[in-house]
Each structure stands twice: as C-alpha cells, then as structure tokens.
Amino acid sequence: TRKESSAASDVYKRQVYDVDGFWTSVILEPWFIEIKHEEVVFASNSSEIADSEVPKLAHSLAEVEKTMKRFAKFRPDMRLYVGGYTDSVGNEGSNQKLSQERARAISRWFKSKGIKIPVYYQGFGEDGQAVATEDDVDEPRNRRALYVLANSPPPTSKDIPRARWSRVK
C-alpha cells in the first residue's frame, strides 16, 4: 500500500491481482462534502427544535437528498455527520452537553423524515469556534451546526476537533 497525500483527503493506492497474476491499480479515497444550510436557532439552554425552525431543516434535508442523488452512482456508501457548537457563554461542560443534545436533535429530525443513510452526530461545545472570542461572549455565529456527507468520519481539523461520532438509532 502506498499512501499519497491530496488536498481533500488521503488517497490509498493498491494493486489488486486475479488468479492468473494480472493486476490493476485501485484507488481508495475518503471523501466528504459539507452541506451548506441555514442555521437552526435554539432557545437559550434548550435542544428542542421550535416549529418555526422546521422549514430550515426541511430545506437542509432537500439539499442533503439532492447531493446524495447527485453522487449516488459514484459514492454509494454515504453517511451524514451532524456536528453541533455553542458560544462561550456558560461553563465548558454545560456547553459540551448542550451542543451534543442539539446535534442529536437535528440528527433525529433527519432520521424521522426517512433519510435512507446512517446519520451520526457529535457535539463540540466551545471548541472549533467560527469566530474566536474570549470566555462568556455571546456570539451567535458560534452557535451553529455542521452537516457533512462522507464515506467515513470527517477528518479532524480546526472545525472538527474530535472524532467521537454517535450513530442515531
């Protein structure tokens, strides 16, 4: 196996042999696509999805399904990953729990609407802020979610500081 680095992901090249010794190269590569969406607004210290926010989720679901359809022929092993974030108001532990609950609520909503692929979620709390702030700063841009279609857990990065995804059942 030879590993080559690419801008989007790691690429693994392998040689595959048949019974007569003939071979061909096969490229195995992780892939991911971030789904652009309008942010769901939650009430303070709540993970309940308000009725007024459902149209945003419905639009996001349509975008996910459109992207799934577009790449289905080439990427049959899709999964949806939902990451949740908070601002820095409150203590870190509470924010971690709240972001996890919000990501789970969004993920469950997608599952309840019949999405046909596995859905995973993870909360990142105050980590991976969109806008760097000091503690206890009310910054709406940091209260957000990330929707990613991928064939494996998205790679860790500034925006995805950990890989501890949970599957929605």
Residue in region 27-62 that is farthest from Gln100 (Cα to Cα), counting only those that are surrounded by fewer than 18 Cβ atoms within 10 Å (Cβ to Cβ) and touching a Lys or Arg at 6+ places or on another chain (Cβ under 6 Å): Ile27
Inter-residue pairs, beta-carbon under 7 Å, first farther than 20 Å from Leu80 by Cα and touching a residue at least 24 places away in the same chain (Cβ under 8 Å) and in region 37-50, second of a type in the set (Val, Ile, Thr) and open to solvent by 90 Å² or more (accessible area, probe 1.4 Å), 6+ apart: none
Glu101 being of a type in the set (Asp, Glu) and over 17 Å from Val168 (Cβ atoms): no
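The values are calculated or read from the model by the stated rules, or taken from the named source; none is laboratory data. Predicted model, so just to flag it, every value in this text is computed and none were measured. Using ideal geometry, Cβ is built from the backbone for each residue, glycine included, and neighbour counts are taken over all protein chains shown. Areas reflect the complete protein model, heavy atoms only, side chains present, ligands, DNA and RNA absent. Shrake-Rupley method; radii C 1.70, N 1.55, O 1.52, S 1.80 Å.
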